[in-house]
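Notes follow once the structure below has been shown.
Quick note: the coordinates plus some simple rules give every number you see, no bench work behind them. As the structure is a computational prediction, the values presented were derived from the model and not from experiment. Cβ placement follows ideal geometry from the backbone for every residue including glycine, while neighbour counts extend to all protein chains displayed.
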Ligand SMILES: *Cc1c(COP(=O)(O)O)cnc(C)c1O
C-alpha cells in the first residue's frame, strides 16, 4: 500500500498576492521611475487616507521605520527608551544604534503588551521615548501609556508592525502615538516584500524622519543653512542612511493597501473560530482580547499551561505540518543584550509568557479546511501531550 501523502506545510503567516498586485508592479517596471518617483507619494497619501494620520514616510523595512521614528523623536546619546522585551529585536536595537540606552519594562499577563505600571516604574528624567508594541496585532493600552510618557515629558511611540488596521477605543492604529512604525514584510498585515512606514501627525517629527531616510539630506531651500546657494545645492544636515522604498515596491503597497480591510476581516474571522473551537482544550490558554480593542490578529498566540510541555507539543505540531512559531524569545535574553548586563528575571511576566507561547498558522488566504485542520490537529496533539 502506498504511504499516505504528507499534508502540506501550513506556515504561521504568509503574503496574499493577486494578479492586480503583480500588474501594479509591472506597470512601474515599464515606466520611467523605479525609485524616488510618483509611486512613493501615492503610497504615502494612501497610508494617510487609510489610517487618518497626517504624515507618512515610506521606508524599506519596519526596522528602518523604527530607526527614522527614533531619530525623528530626537533620541540620542544620554537618552533612554522604555519598551517591552516581548518584541522583535529591532524595537530595542534601533535605539542602541542612535547611542541611546534601552530600559525593558515588563508586559501585561493577558495581552503581552507593555504594562503601563511597569513602564511607569522604568521611566526617569532621562526617558526620551516610551515605545509600546501592539503584540500579535492587539493594540497596547495607549491611554495609560500616554499618561506615563507625559509624566516625564517623553514621546510616545508605537511599534505597530503587527497591527495596521486594528483599532483601540475606536481609533485607528497610526493615530494612537506621536509616531507609529509599521512593517510590510510578507507575513505582516500588508506586504511590499521588504518595507515599512512611519505615521505621525507631527510635521517636524515626520520631516526629520524623511531627512534621515535619505542620508540626512535637505533639498528644501527653506531649511538650508546656506542662504544663497546655487540651483544644484543640497545639504547633509544629519547622519542619515539610504532607507528609501523604491517605486516598484510602493506600487505594490498601494495595491495591497486597498485590501487591508478585507485581510483584517478574514484574520478576525479565523481568530474568532479558533477562540470558540479551541476553548474546550484545557491544556491551552487562549488569547484574551480586550473589549475596547479590535485586534488585527497578526498572530494567534497560545500558551500551554505548563512550560515543560511546550517543546514536545511544538515539535509534534511541526511534525504534522503546522508551522507553529514562538513570538518571541525576549529581547533582553538575547546574547547581545545579556552581554550588556540584562538578566533572566528582569521581566518575569514576559519570560513566563515566552516560555509557554506558541503561535498558530493565521493568514488571510487560509481556507476554511486549513483552519479546520489546525483545530483538529490541536485537539489530537493536546489530548496526547498536554
Ligand atoms: C517585523 C517586525 C519588526 C521589523 O520589521 P522588518 O520589516 O522585518 O524590518 C519590528 N518590530 C516588530 C514587532 C516586528 O514584528
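Using Cα centres only, tell me the gap between the stretch 7-61 and the stretch 341-386 in whole Å.
30
Which percent, to the nearest 5, of DSSP beta bridges fully inside the chain are antiparallel?
The answer is about 60 percent antiparallel.
Using Cβ counts within 10 Å as a stand-in for footprinting exposure, how do 83, 35, 167 rank, fewest first?
Fewest-to-most ranking of 83, 35, 167: 35, 167, 83.
In the stretch 129-276, what percentage of the DSSP-assigned beta bridges are antiparallel, given to the nearest 5?
Bridges in the stretch 129-276 that DSSP calls antiparallel: roughly 55 percent.
Quick one: 336, 353, 12, 70, fewest Cβ neighbours within 10 Å first, how do they rank?
336, 12, 353, 70
Among 135, 328, 337, whose mean-square fluctuation peaks in a Gaussian network model of the chain (Cα, cutoff 10 Å)?
Fluctuation is largest for 337.
Nearest 0.05, what FRET efficiency do residue 144 and residue 365 give at R0 = 41 Å with Cβ-Cβ as r?
0.70
Taking the number of other C-beta atoms within 10 Å as the exposure measure, put 133, 375, 22 in order starting with the fewest.
22, 375, 133
With each run of n ≥ 4 DSSP H residues scored as -39500 (n - 2.57), what mean residue ellipticity at 222 nm is computed for the chain after dividing by its residue count and rounding to the nearest 500 deg cm²/dmol?
The per-residue figure over the chain is -11000 deg cm²/dmol.
Would you mind telling me which residue in 142, 33, 297 has the biggest mean-square fluctuation in a Gaussian network model of the chain, where springs connect alpha carbons within a distance under 10 angstrom?
Checking each option, the largest mean-square fluctuation is seen for 33.
Subtracting the Cα-Cα distance from 0.36 nm times the residue separation, let me have the gained length for residue 233 to residue 326 in nm, one decimal.
Fully extending the segment from residue 233 to residue 326 adds 28.5 nm.
With labels modelled as points extended 7 Å from the Cα through the Cβ direction, what inter-label distance (nm, one decimal) is found for residue 96 paired with residue 30?
For the pair residue 96/residue 30, the computed spacing is 4.7 nm.
Using the alpha-carbon centroid of each, what span in Å lies between the stretch 293-324 and the stretch 154-201?
Result: 24 Å between the Cα centres.
Only Cα pairs within less than 10 Å get springs; with that Gaussian network setup on the chain, which residue of 120, 307, 221 has the largest fluctuation?
221
Which whole-number percentage describes the relative contact order of the chain, with Cα contacts under 8 Å and a sequence gap of 6 or more?
Averaging sequence separation for qualifying contacts and normalising by length gives 23 percent for the chain.
Roughly how many nanometres apart are two label points built 7 Å out from the Cα toward the Cβ at residue 286 and residue 217?
A separation of 5.3 nm, rounded to one decimal place.
Please give the direction-averaged projected area of the C-alpha convex hull for the chain, in square nanometres with one decimal.
Convex hull of Cα atoms, orientation-averaged projection: 21.8 nm².
I want to check the label-to-label distance for residue 340 and residue 126. Put each point 7 Å from Cα in the C-beta direction and report it in nm to one decimal.
In this crude spin-label approximation the distance works out to 1.2 nm.
How high is the relative contact order of the stretch 18-120? Use alpha-carbon pairs under 8 Å, at least six apart in sequence, and give a whole percent.
Computed value for the stretch 18-120: 18 percent relative contact order.
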